[in-house]
Amino acid sequence: MIVVAAVISIVVYRVAITAAMNKNDAVRPYSSITSSLTSAIIQVAIITILDKVYQKVAVVLTDWEMHRTQTEHEDSFTFKMFLFQFVNYYSSVFYIAFFKGKFDGYPYNYNELAGARLDQCGAGGCMIELTQQLAIIMVGKQVVNNCVELIIPKLKAWWRRRDTKDEDPDDEKCIQRWEEDYDLADLNQYGLFAEYLEMVIQYGFITLFVAAFPLAPLFALLNNIIEIRLDAYKFITTLRRPVAVRAQDIGASDLSLVMTV
């Protein structure tokens, strides 16, 4: 319901900004592209916020189920997060691709919302707008994820070091290596899960909408090359060494990839 409300709010925003710009002859030619680009940027911000909300909700729901084994627990959590994120990332894209302009009406009988025409496609269709939406959401979210993965662990490590220095500032020169490692950020229980989910969502963008955004595989390749180096730097310099645990497989991520196809 939250995602549906977010999509509806974006549609209302697009209708409002388009109607406002159409009243001014100077900016009327740019109303469509302005509403499309700004709504896509707002959508990236909403996706980032709901991403954190969904993860907390999925953790609570999975804990309530009280699964018998850790494998069942992780599979259930993965499946919930995939469904949440599938709707979160792809809802606005599906709206533009399949629903936008279908309820606009016809000449002399256009449907209106608060005195303004409903959101409609341009004369050439919605393909250009769909491409813009995909480019901003896919590339923008990749940039945001990489920045968050690099900056957040550094901030946590800096805060822990700050607390250590405040407790005993005279021993700063005698800090042992194990003490420095203790100040690093801890890898939580679902640390690697985010990496798998990011790849699954990226795979969905490439397979589902490559016809509308042919450069998606190229951006995905560039992101993965950068991601490899960022993850290596993150795990070596900003996170504690994770405890090795046996795993039967990669869990429900296999099913998520199959469902995406």
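Things to note:
Yes or no, residue by residue, for (1) part of a helix (DSSP H, G or I); (2) touching a residue at least 12 places away in the same chain (Cβ under 8 Å):
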position: Met21; (1), (2): yes, yes
position: Asn24; (1), (2): no, no
position: Val44; (1), (2): yes, yes
position: Lys56; (1), (2): yes, no
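- For the range 77-96, the set of residues classified as over 16 Å from the mean Cα position of the chain (by Cα), open to solvent by 20 Å² or more (accessible area, probe 1.4 Å) and over 20 Å from Tyr13 (Cβ atoms) consists of Phe79 only.
- A count restricted to the range 201-223 and to residues that are open to solvent by less than 50 Å² (accessible area, probe 1.4 Å) and in a helix (DSSP H, G or I) stands at 9.
- Residue within the range 14-21 that is modelled with pLDDT of 75 or more, surrounded by 15 or more Cβ atoms within 10 Å (Cβ to Cβ) and closer than 18 Å to Leu134 by Cα present: no
- Counting only residues that are assigned to a helix (DSSP H, G or I) and either in contact with a Pro (Cβ under 9 Å, 6 or more places away or on another chain) or of a type in the set (S, T, N, Q) (or both), the range 186-200 holds 2 of them.
- All conditions but one from (1) modelled with pLDDT under 85; (2) open to solvent by less than 70 Å² (accessible area, probe 1.4 Å) apply to Ala247; the one that does not is (2).
The values are calculated or read from the model by the stated rules, or taken from the named source; none is laboratory data. Note that the structure is predicted; figures quoted are calculated from it, not measured. All Cβ positions, even for glycine, are placed from backbone atoms using ideal geometry, and neighbour counts span all protein chains on display. For the accessible areas, the whole protein counts, side chains as well, though only heavy atoms, and no ligand, DNA or RNA atoms are used. Shrake-Rupley method; radii C 1.70, N 1.55, O 1.52, S 1.80 Å.
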